[in-house]
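Single-structure report; data block below.
The values are calculated or read from the model by the stated rules, or taken from the named source; none is laboratory data. These figures come from a predicted structure and were not determined experimentally. Note that we place each Cβ from the backbone using ideal geometry, even for glycine, and neighbour counts take in every protein chain shown. In case anyone asks, the SASA skips ligands and DNA or RNA and just uses the protein heavy atoms, side chains included. Shrake-Rupley method; radii C 1.70, N 1.55, O 1.52, S 1.80 Å.
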Amino acid sequence: MARKLMTARLERKDCLSEIAQCYHFEFVLDELKSFRFAPGQFVSAVAQDAEGREQTRAYSMASAPRGNRFELCVNRVQEGFFSNRLADLTDLPSGGTIEIDGPHGYFLLHAPITDSILIATGTGIAPMRSFLHWLFPSDGPEAATDRSNGKQIWLVHGTRHESELYYRAEFEALAHRRANFHYLPTLSLAPKSWTGLRGHVQQHVTSIVQERAARLGQPLPAPPPDPALLPSELSFDIYAYICGLSQMVSDVRQSLAGFGWHRKQMVSESYD
Ligand SMILES: Cc1cc2nc3c(=O)[nH]c(=O)nc-3n(C[C@H](O)[C@H](O)[C@H](O)COP(=O)(O)OP(=O)(O)OC[C@H]3O[C@@H](n4cnc5c(N)ncnc54)[C@H](O)[C@@H]3O)c2cc1C
């Protein structure tokens, strides 16, 4: 059966980084009253290539559900088909629309909310922003809402350069507003003048896990869960949500497994 495509109209496009050619997009689905999705899900964007073949690419929502709108964060990939279409979108003769279907995906926050480490590299920040907008809405009728249950939420965002720390001002403002939200941007190619964190995300995730276990008096490595429990009965007091290229996802999973973390405690999405 042919899938039902929807036309998304571009309402706003901002350049997040000239150097990385990364853009923030705000789309409206005029045919819908409301576009329901869970924070962390993605849309499939569909277009025909020059040979008339249908091409589909996934893009994570960078926003929480809000009416008939959704936002994306996409960087131009060299020679890439769809990322370049999006990056050039305002120039398209169609007047700034794309065809999508969705929402799709299982990169979702566990309920109830626990302590959580959100770990992203590059545009892997998109679903993390969706989570954070849902956890801590900052405008509209839900502005006073806090869905974090007072749990500790860390965001570790790794990039090469400072110019790639997308939405930095927004996350800094959130960290200022909410004492239980901690923003840890880290640069792998930091210049001498950079006074923040350096290196890959894994080392900072390691510090968070070690410091938390020490503070709570919990053993590390963590003891394995009761083998009598069914997988569906397992629950943990902390989860990691990891998004970006597969090498980083697998490195972080491996280092958390070294602390005795169960695979169900690590929710991940790979972009490649
Ligand atoms: C669930 C999911 C969610 C995603 N969400 C986002 C998102 O929010 N923002 C975003 O920018 N991307 C996201 N992606 C990646 C996106 O789907 C595309 O893969 C990416 O935009 C490249 O597509 P393209 O058509 O431009 O390149 P293609 O024409 O598919 O590939 C061109 C070349 O680039 C390489 N390549 C493909 N993908 C990447 C990549 N991500 N990084 C570097 N090189 C690559 C290919 O190996 C190939 O050599 C997501 C992927 C998945 C699976």
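Of everything in the range 247-270 that is in contact with a strand residue (DSSP E or B) (Cβ under 6 Å, 6 or more places away or on another chain) and within 13 Å of the ligand (Cβ to nearest atom), the residue that is nearest to D237 (Cα to Cα) is V267. Do the conditions hold for T159, that is, is it open to solvent by less than 30 Å² (accessible area, probe 1.4 Å) and at pLDDT 95 or above? When the stated conditions are applied, T159 passes them. Only one entry in A175, A169, A179 is farther than 18 Å from M266 by Cβ, modelled with pLDDT of 95 or more and in contact with a strand residue (DSSP E or B) (Cβ under 9 Å, 6 or more places away or on another chain), namely A175. If a residue must be farther than 21 Å from K264 by Cα and acidic (D, E), how many such residues does the range 193-228 contain? The number of residues fulfilling the criteria is 1.
Evaluating G80 against the criteria (1) out of contact with any Phe, Trp or Tyr (no Cβ under 8 Å at 6 or more places or on another chain); (2) over 30 Å from L234 (Cβ atoms); (3) open to solvent by 30 Å² or more (accessible area, probe 1.4 Å) leaves one unmet condition, (3). In the range 73-86, the residues that are without any contact (Cβ under 8 Å) to a residue 40 or more places away in the chain reach residues that are open to solvent by 60 Å² or more (accessible area, probe 1.4 Å) and more than 6 Å from the ligand (Cβ to nearest atom) with C-beta atoms within less than 8 angstrom, at least six apart or across chains, in these pairs: S83/R76; N84/R76.
Residues in the range 101-117 that are assigned to a loop (DSSP other than H, G, I, E, B) and touching a helix residue (DSSP H, G or I) at 6+ places or on another chain (Cβ under 8 Å): 3 in all. T90 satisfies every condition listed in (1) more than 26 Å from D237 (Cβ to Cβ); (2) surrounded by 15 or more Cβ atoms within 10 Å (Cβ to Cβ); (3) touching a Gly at 6+ places or on another chain (Cβ under 7 Å); (4) β-branched (V, I, T) except (2). When E11 is evaluated against the numbered criteria (1) in contact with a Lys or Arg (Cβ under 8 Å, 6 or more places away or on another chain); (2) open to solvent by less than 60 Å² (accessible area, probe 1.4 Å), which criterion, by number, is the only one it fails? Here E11 meets the rest and fails (2).
Among the residues in the range 118-134, are any part of a loop (DSSP other than H, G, I, E, B) and more than 24 Å from D272 (Cβ to Cβ)?
no
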